[in-house]
1. Could you go through the stretch 141-157 and let me know if any residue there is of a type in the set (Asp, Glu), open to solvent by 30 Å² or more (accessible area, probe 1.4 Å) and assigned to a loop (DSSP other than H, G, I, E, B).
2. Hey, Met208 hits all of (1) buried (at least 22 other Cβ atoms within 10 Å of the Cβ); (2) free of Cβ contacts under 8 Å to residues at least 24 places away in the same chain but one; which does it fall short on?
3. List, please: which pairs have Cβ atoms under 6 Å, are six or more places apart or on different chains, and start with a residue in the stretch 189-203 that is of a type outside the set (S, T, N, Q) and end with one that is in a loop (DSSP other than H, G, I, E, B)?
4. Scan (1) within 23 Å of Pro382 (Cβ to Cβ); (2) aromatic (Phe, Trp, Tyr); (3) in contact with a helix residue (DSSP H, G or I) (Cβ under 8 Å, 6 or more places away or on another chain) for the single condition Phe323 breaks and write down its number.
5. Of the conditions (1) touching a residue at least 12 places away in the same chain (Cβ under 8 Å); (2) assigned to a loop (DSSP other than H, G, I, E, B), Gly417 clears all except one; give me its number.
6. Only one of these conditions is not met by Leu90: (1) more than 24 Å from Asn259 (Cβ to Cβ); (2) assigned to a loop (DSSP other than H, G, I, E, B); (3) of a type in the set (A, V, I, L, M). Which number is it?
7. Considering only residues of the stretch 226-251 that are more than 16 Å from Leu262 (Cα to Cα) and within 17 Å of the chain's Cα centre (by Cα), which is surrounded by the most Cβ atoms within 10 Å (Cβ to Cβ)?
8. Hey, among Asn429, Asn441, which residue is touching a Pro at 6+ places or on another chain (Cβ under 7 Å) and open to solvent by 30 Å² or more (accessible area, probe 1.4 Å)?
Amino acid sequence: MAVGNLVKRLQDIMRKDAGINGDAQRIEQMVWMFFLKVYDAAEEDWELDAEDKGETFKSIIPEELRWRNWAPSKDEDGKEKNDTLTGQKLLDFINEKLFRVLKGEDSLDGEIKGIQVTRETARHQAVVRDVFQEVNQYMKNGVLLRQMIDEIDAVDLLDSEESHQFGDMYETLLKDLQAAGNAGEFYTPRPLTDFTVEHLDPKLGELMGDLAAGTGGFIISTLKYLERQKKTAKDEELFQQSVMGQEWKPFPYLLGVTNIMLHGIKDPMFFHMDSLGKNMSEYQEEGKLDTIAMNPPYGGATDSATKMNFKAEYRSSETADLFMVLIMQRLNRGGRAGVVVPDGFLFGTDGAKLAIKKKLLTEFNLHTVIRLPGSVFSPYTPIATNILFFNNERAEGAPEGFTTKETWFYRMDMPEGYKHFSKTRPILNSHFDVVNEWWQNRQVLEEGEKSRSFTPQELMDMGCNFDQCKFPKEEEEVLRPEELLKKYHEERTALDAKIDSQLSEIESILGIKIEEA
């Protein structure tokens, strides 16, 4: 079938349904069906593996709820089946049986028990309940829903070429999230993830992790990088155990685990959990990672209970700060990290930020800071970002009292002919060519305004101000009224959240509660 325009066909169907409103809901509606289709194909592999071992595979999904047993409207010979569910019967089946059981609840008629997950449940089976915990079925027209299911079921995931096309189509779908309201926060542009992973240089036999994985972009870039290293059956075994992800929000978790399975990982180590919700002292050697590549959430306030998981000097209301501490805690000796952080981290002077930046210089080798153009994440957010690259090993020649020898800063300017990136003119892999060229032959550029290095002592003497090689001030861009209002609302919301968080912290310290006027 034509996989290339599958999403367009599905969107055209959903636009006729009164239950779906907006791109984010359309994407969620598609993806839970994609997941079940992909999961059913994975189960075929698990069945064959069990058969080869003389064992019997048992799905965690009750037999009549497995995709193969209710979704296809044609039999193996291509003939129309007489018992195909459609219309109201299909809606009742999905709403009253399928979704309830996969969430762990009994079907509405009590005939099918909800799936149960215990400590003994295999990870690749537990993922089913994790995915469906908070996923929604929005459609109200069972005939249109049947049309969607038929379109998706026609994809042959056992055909390598068609499966590859489906994976590419899914990546395009995730990219479209950037224009789908708040859902865009879960997507990091692939050229950025590819660039970061390339310079971390992961190897088969190592474990790469993303502790706020979103849709799994850094993980997919790592898998593509490792794919080129596979040569033997042993390499394939190492490949299957090469990546680990964690994601707290249910929607991106659904998107991410489906993405990883589509890219060849049969038993994904992708966990639905709050990465900040565990005390840092509990992470021992078994929780360490060889490479970490991630874009932690920033701008959000952190509750007091979460902050208590960190040492006092690192407790911050900014989630990006806490993730930096977590990353340092979980990075293996000799490990490498590439982390996207907002500008506020570089020039921030509050106690926690200063403590974290000192730790980067004295206990880690912070060797590179790449300043990114402000519109990299456009249109989701205009916040300027940077990539910090650091290793958990002492640099050769590092001065006494430091693990870092020198930190290079490089400003990545907009490509020629671009004023800013946008949905129609996004950042491309080729835009990083000039950065890659500089990386191999580091030198001072434009008298230090575009690129230069600092010793750790120089950075300490500047109060750990990492806001170096910054972008020159430009005239403010004139925005359309609706864009200007949106920008003001975003900035006010972020400021209100920061103020509320600081007030709560003060009230907690003083042991009082100030009522609003």
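1. yes
2. (2)
3. Listed by first residue and then by second, the contacts come to Pro189/Ile427; Pro191/Ile427; Pro191/Leu428.
4. (3)
5. Condition (1) is where Gly417 drops out.
6. (2)
7. Glu247
8. Just a single option satisfies the conditions, and that option is Asn429.
The values are calculated or read from the model by the stated rules, or taken from the named source; none is laboratory data. Note that the structure is a prediction, hence the values are computed from the model and not measured. When we count neighbours, we look across all protein chains shown, and the Cβ atoms used for this are built from the backbone with ideal geometry, even at glycine. We work out accessible area using only protein heavy atoms, side chains counted, and drop any ligands, DNA or RNA first. Shrake-Rupley method; radii C 1.70, N 1.55, O 1.52, S 1.80 Å.
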